[in-house]
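The values are calculated or read from the model by the stated rules, or taken from the named source; none is laboratory data. Not measured: the values here are computed from a predicted model. Quick reminder, even Gly has a Cβ in these numbers, built from the backbone with ideal geometry, and neighbours come from all protein chains shown.
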Amino acid sequence: MGHLDLKAVTKSFGDMEVIRPTDLHIADGEFVVFVGPSGCGKSTMLRMIAGLEEITSGKIEIDGRVVNNLPPVKRAISMVFQSYALYPHMSVYENIAFPLRVAKAPEAEVKQKVQRAAEVLKLTERLDHKPGALSGGQRQRVAIGRAIVREPKVFLFDEPLSNLDAALRAEMRVELKRLHGQLKNTMIYVTHDQIEAMTMADKIVVLQGGVIEQVGSPLELYHKPISRFVAGFIGNPN
Ligand code: ADP
Ligand code: MG
């Protein structure tokens, strides 16, 4: 559960086509990283998959079902953004529980799911704290907790670590990989950071100017880049 297909998907803003016709298959449980320079269309791609942005033409399928006309909440997808807003007056527990409260989940289910998310994210000891009493990394984990608590099949990240310092970023990269190992859901992760792409991805999608330049494993892209652009971006000077 959690495979995804883009079929001839395009996106235009006015008469500017920012995503050219794009085909892409993402398998169940894959950790896919979209990488490319600023403005190449990474966020637009994620937002279309999440249903936050309408596609101009083509089809998006999740588990073989066309989702073009489904609103975000019906897509079994959760998204974590670069700038995440926690509710400062609510405890960590209530911040994580929020999406379940909106969905009117019964109390027993809320409790069980929040505790499970907190365990996975090592936040069990912090559930009674307010966000103001947490470190940057812990706050980011609460934001991730809020996204995983509904147990989505597909998990989208848009540069979730870019506001953290280098040491925390490195730590969170490891944590996210661990999380993926435990949840085994499909993760699509957007970054402009080549190191993140190379260290985290099962599959990397290199984007440039609204076009997928190459798709492959980190090793494939490193050893057989299709263009100078990919070679340069992935960091192999040859
Ligand atoms: P990235 O996330 O890779 O930096 P984006 O997906 O944010 O790139 O943007 C891709 C292109 O689409 C850019 O040229 C950007 O200016 C344009 N764009 C994004 N959102 C909008 C919008 N709401 N209206 C008009 N143009 C947009
Ligand atoms: Mg972006």
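The residues of region 66-97 that are under 14 Å from Val154 (Cα atoms) and surrounded by fewer than 12 Cβ atoms within 10 Å (Cβ to Cβ) amount to a single one, Lys74. What are the residues in region 184-209 that are touching a Leu at 6+ places or on another chain (Cβ under 6 Å) and within 14 Å of ligand 1 (Cβ to nearest atom), if any? Residues satisfying the conditions are Ile188, Val190.
Hey, does region 92-107 have a residue that's basic (Lys, Arg) and within 16 Å of ligand 2 (Cβ to nearest atom)? So far as region 92-107 goes, no, none of its residues is basic (Lys, Arg) and within 16 Å of ligand 2 (Cβ to nearest atom).
Restricting Arg150, Arg139 to those that are in contact (Cβ under 8 Å) with a residue 40 or more places away in the chain, in a loop (DSSP other than H, G, I, E, B) and surrounded by 17 or more Cβ atoms within 10 Å (Cβ to Cβ) reduces the list to Arg150. Got at least one residue in region 33-48 being more than 14 Å from the chain's Cα centre (by Cα) and closer than 23 Å to Leu179 by Cβ? No - not one qualifying residue is present in region 33-48. Of these, Ser135, Ser162, which one is within 16 Å of ligand 2 (Cβ to nearest atom) and of a type in the set (Ser, Thr, Tyr)? Of the residues listed, the single one that is within 16 Å of ligand 2 (Cβ to nearest atom) and of a type in the set (Ser, Thr, Tyr) is Ser162. Looking only at region 212-235, decide whether some residue is surrounded by 21 or more Cβ atoms within 10 Å (Cβ to Cβ), under 14 Å from the mean Cα position of the chain (by Cα) and away from ligand 2 (no atom under 16 Å from the Cβ). No - not one qualifying residue is present in region 212-235. Taking Lys122 as the residue in question, decide whether it is at pLDDT below 95, part of a loop (DSSP other than H, G, I, E, B), over 19 Å from Lys153 (Cα atoms) and over 21 Å from the mean Cα position of the chain (by Cα). For Lys122, the condition - at pLDDT below 95, part of a loop (DSSP other than H, G, I, E, B), over 19 Å from Lys153 (Cα atoms) and over 21 Å from the mean Cα position of the chain (by Cα) - is not met. Filtering Gly36, Gly51, Gly29 for residues that are surrounded by 15 or more Cβ atoms within 10 Å (Cβ to Cβ), more than 16 Å from ligand 2 (Cβ to nearest atom), small (Gly, Ala, Ser) and within 26 Å of Met198 (Cβ to Cβ) leaves a single hit, Gly29. When Gly64, Gly14, Gly29, Gly58 are screened for being among the small types (Gly, Ala, Ser) and under 23 Å from Gly181 (Cβ atoms), only Gly29 passes. Take the conditions (1) within 16 Å of ligand 1 (Cβ to nearest atom); (2) modelled with pLDDT of 95 or more; Gly216 misses just one of them, which is (1).
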